[in-house]
Amino acid sequence: MRAVIQRVTSASVTVDGEIVSNIGPGLLCLIGIRETDTSKDLEFICKKILTVRAWPHPETSKAWDTNVTSAGLEVLLVSQFTLYARLKKPKPDYSKAMGPQQAKELYSQLVEAVRRQYVAERVKDGIFGAKMNVALVNDGPVTYIIDSADPDG
């Protein structure tokens, strides 16, 4: 499982001209699911999202000292199978991405895990499989790319 985690001052997902989710300050997380991913990968990504230190400490201003949960901020999760595209040829190859039915189930489990391990009302998501317009104001900019296949990376 792969996640692109972006620290944002705001983010939203629009489908068919209607905003379906939005957050204020927090993390926008684009989630790609590989064909071989399991619940172990899901737990790894969930933990990283909730524990990555992306903000300075509010009292000491010590850099990279506060995570989304301790700051009480929001999380917006968005499924994005294109994170597993391979670009050997001009046409992208998505064969490493999990098929849509299985991926939808694993993605839903990830959303529920993040909600369960944090505060459900502070965790939003897009609509799996929909053509979404994602808007964000990247704060910093701060962007992390993590992959459960490379836990030390």
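The values are calculated or read from the model by the stated rules, or taken from the named source; none is laboratory data. These numbers come from a predicted model, not from an experiment. Here the Cβ positions follow ideal geometry from the backbone for every residue, glycine too, while neighbour counts run over all protein chains shown. Just so you know, the surface numbers come from the protein's heavy atoms only, side chains and all, with ligands and any DNA or RNA stripped out. Shrake-Rupley method; radii C 1.70, N 1.55, O 1.52, S 1.80 Å.
Based on this model, can you work out whether LYS131 counts as at pLDDT below 95 and more than 15 Å from the chain's Cα centre (by Cα)? Criteria not met by LYS131. Within the range 103-118, residues that are touching a residue at least 12 places away in the same chain (Cβ under 8 Å) reach partners that are in a helix (DSSP H, G or I) and of a type in the set (Phe, Trp, Tyr) with beta carbons closer than 9 Å, at six or more positions or on different chains, in the pairs ALA103/PHE81. Regarding the range 24-39, can at least one residue be identified that is closer than 18 Å to LYS124 by Cα and of a type in the set (Asp, Glu)? Checked against the condition, which is being closer than 18 Å to LYS124 by Cα and of a type in the set (Asp, Glu), the range 24-39 yields no hits at all. May I ask you to list the residues in the range 138-153 that are open to solvent by 60 Å² or more (accessible area, probe 1.4 Å), closer than 21 Å to SER12 by Cβ and under 15 Å from the mean Cα position of the chain (by Cα)? Of everything in the range 138-153, those that are open to solvent by 60 Å² or more (accessible area, probe 1.4 Å), closer than 21 Å to SER12 by Cβ and under 15 Å from the mean Cα position of the chain (by Cα) turn out to be THR143, TYR144. Of all the criteria given as (1) under 26 Å from ASP150 (Cβ atoms); (2) of a type outside the set (S, T, N, Q); (3) touching a strand residue (DSSP E or B) at 6+ places or on another chain (Cβ under 7 Å), the one not satisfied by LYS88 is (3). The set of residues in the range 110-121 that are open to solvent by less than 90 Å² (accessible area, probe 1.4 Å) and of a type in the set (Lys, Arg) contains only ARG115.
Taken over the range 136-150, the criterion of being assigned to a strand (DSSP E or B) and under 23 Å from ASP41 (Cβ atoms) is satisfied by THR143, TYR144, ILE145, ILE146, ASP147. Total residues in the range 34-49 satisfying the condition of being open to solvent by 10 Å² or more (accessible area, probe 1.4 Å) and under 11 Å from the mean Cα position of the chain (by Cα): the figure is 1. Within the range 53-109, which residues are among the hydroxyl-bearing types (Ser, Thr, Tyr), part of a helix (DSSP H, G or I) and loosely packed, with under 14 Cβ neighbours inside 10 Å? Result: THR82, SER108.
Quick check: anything in the range 73-82 in contact with a Pro (Cβ under 8 Å, 6 or more places away or on another chain), at pLDDT 95 or above and within 15 Å of ALA113 (Cα to Cα)? The answer is yes; a qualifying residue exists. Going through the range 13-23 one residue at a time, which ones are open to solvent by 20 Å² or more (accessible area, probe 1.4 Å) and either assigned to a helix (DSSP H, G or I) or not aliphatic (A, V, I, L, M) (or both)? Answer for the range 13-23, where residues must be open to solvent by 20 Å² or more (accessible area, probe 1.4 Å) and either assigned to a helix (DSSP H, G or I) or not aliphatic (A, V, I, L, M) (or both): THR14, ASP16, GLY17, GLU18, ASN22.
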